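Chemist: Okay, handing you the structure first.
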């Protein structure tokens, strides 16, 4: 240990923001362990580093007692008074026990501590940076793929794209540049662990913010997103400014804006829906690309009966019910879809039942 180390600690304090005093305290604690390990001592010791010269000294610490049963931790009052007549029972006496070869060990230990603290400080800086970027979109390079996990290089850290967060059917190759959505940042023994996603609805939201200036500036608002990654997404948009077409803003001239997002998501279909305060209108819009003839909504139960043309029924429901499912998720309403003919038959059946009931009541009243 020497003045050069103290100068190095001062530089670390300036460059890395690691307190010099904290480093010295940590080194002193590490040197106590090193002393006991290298010199086979279990005695109670403390290490002092001179903050000006860098000189290291080791002191044993023993309690002054009437009769000593352990010379490593106790010293008899009579012996203590030979050192200093002012010692009393219960006092602690310290004696320097610095080994001759302790300087080399101290230098090695100090180096290890400093390196470790630098790593911890750098990890802390990276963690603080990425914890503030949760729910943001980041671009990175596919670094490697192991056991189904795709590791994405984000520059300062390697993010993990777990199988559950990968778009079904999407192929990732080493060196590919991809956009991902940060879903969580955690601390680990090896540094910050960043988890990213390609399936999260937030990815679509952020992509629209990047591609559509009106959304980025708050002129157009994203009211909701429902997504089945790799297949289809519905996004509801709204603008408080009646002169702004929110859907047109998202589509862009000749569809260039939405197409850019579709390309990034490897062909995932995107339905851009105009949001409305009127539940019936919003539900009708949400079933795009199908046209809707009638919406009968029940606000108390948040359920709606939707009537569509016969030839539009399969389109409204979608393959394996996907369109209806995404619309229900987007609106947060239970949606029951029927064709015009189904609806007419049900209405007619109800009318016939009502007529039969009326006829029965008339017959009963006449008999009475």
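Chemist: Could you grab the relative contact order for the chain? Cα pairs under 8 Å, six or more apart, rounded to a whole percent.
Modeler: So the answer I get is 8 percent.
Chemist: Report the calculated FRET efficiency for residue 269 and residue 128 (r = Cβ-Cβ distance, R0 = 35 Å), to the nearest 0.05.
Modeler: Working from the Cβ atoms, E equals 0.35.
Chemist: Let me ask you something else. Could you list 348, 203, 305 so that the one with the fewest beta carbons within 10 Å of its beta carbon is first and the one with the most is last?
Modeler: Ascending number of Cβ neighbours within 10 Å: 348, 305, 203.
Chemist: Obtain the nm distance between the two label points defined at residue 25 and residue 300 by a simple spin-label model: each point lies 7 Å from its Cα along the Cα-to-C-beta direction.
Modeler: 6.6 nm
Chemist: Tilt of helix 102-131 relative to the longest C-alpha principal axis of the chain, in degrees (0 to 90, nearest 10)?
Modeler: Around 20 degrees separate the two axes.
Chemist: Is region 1-115 rounded, prolate or oblate when judged by the Cα gyration tensor, a ≥ b ≥ c being the square roots of its eigenvalues, rounded requiring a/c under 1.5 and prolate requiring a/b larger than b/c?
Modeler: prolate
Chemist: Please identify, among 62, 123, 325, the residue showing maximal mean-square fluctuation in a Gaussian network model of the chain using a 10 angstrom Cα cutoff.
Modeler: Result: 62 has the largest fluctuation of those listed.
Chemist: Relative to the longest principal axis of the chain, what angle (0 to 90°, nearest 10) does the C-alpha long axis of helix 201-211 take?
Modeler: Its long axis makes an angle of about 90 degrees.
Chemist: Points 7 angstrom from Cα along the Cβ direction at residue 97 and residue 245: gap in nanometres?
Modeler: Placing both labels 7 Å along Cα→Cβ, they lie 8.7 nm apart.
Chemist: Please report how far the C-alpha centroid of region 83-136 lies from that of region 1-58, rounded to the nearest whole angstrom.
Modeler: 6 Å
Chemist: Calculated FRET efficiency, residue 173 and residue 107, Cβ-Cβ r, R0 45 Å, to nearest 0.05?
Modeler: For R0 = 45 Å, the calculated efficiency reads 0.40.
Chemist: Right, here's the next one. So what's the gap between the Cα centers of region 260-312 and region 229-249, to the nearest angstrom?
Modeler: 12 Å
Chemist: How much length is gained on full extension from residue 256 to residue 15, taking 0.36 nm per residue of separation minus their Cα-Cα distance?
Modeler: Here the segment from residue 256 to residue 15 would lengthen by 82.1 nm.
Chemist: OK, next. Can you compute the FRET efficiency between residue 158 and residue 43 using 1/(1 + (r/R0)^6), with r the Cβ-Cβ distance and R0 = 56 Å? Round to the nearest 0.05.
Modeler: With R0 = 56 Å, the Cβ-Cβ based efficiency is 0.75.
Chemist: Return the percentage of antiparallel bridges among DSSP beta bridges fully within the chain, rounded to the nearest 5 %.
Modeler: 70 percent
Chemist: Please give the calculated 222 nm ellipticity per residue for the chain, where each DSSP H segment of at least 4 residues contributes -39500 (n - 2.57) and the sum is spread over every residue; nearest 500 deg cm²/dmol?
Modeler: Result for the chain: -13000 deg cm²/dmol, rounded to the nearest 500.
Chemist: Here's a follow-up. Rounded to the nearest 10 degrees, what's the angle between the helix 20-39 long axis and the longest principal axis of the chain, both from Cα atoms, 0 to 90?
Modeler: 60 degrees
Chemist: Hey, of (i) 37.1, 129; (ii) 21.9, 78; (iii) 20.9, 69, which did the structure itself give for Rg and Dmax of the Cα atoms in Å when calculated?
Modeler: Only one listed value fits the structure, namely (i).
Chemist: Over region 3-129, what relative contact order in percent results from Cα pairs under 8 Å that are six or more residues apart?
Modeler: Value for region 3-129: 24 percent.
Just so you know, all these numbers are worked out from the coordinates, no wet-lab data involved. Values in this document were obtained by computation on a predicted structure and should not be read as measured data. In this analysis, Cβ positions are derived from the backbone assuming ideal geometry, glycine residues included, and neighbour counts consider all displayed protein chains.
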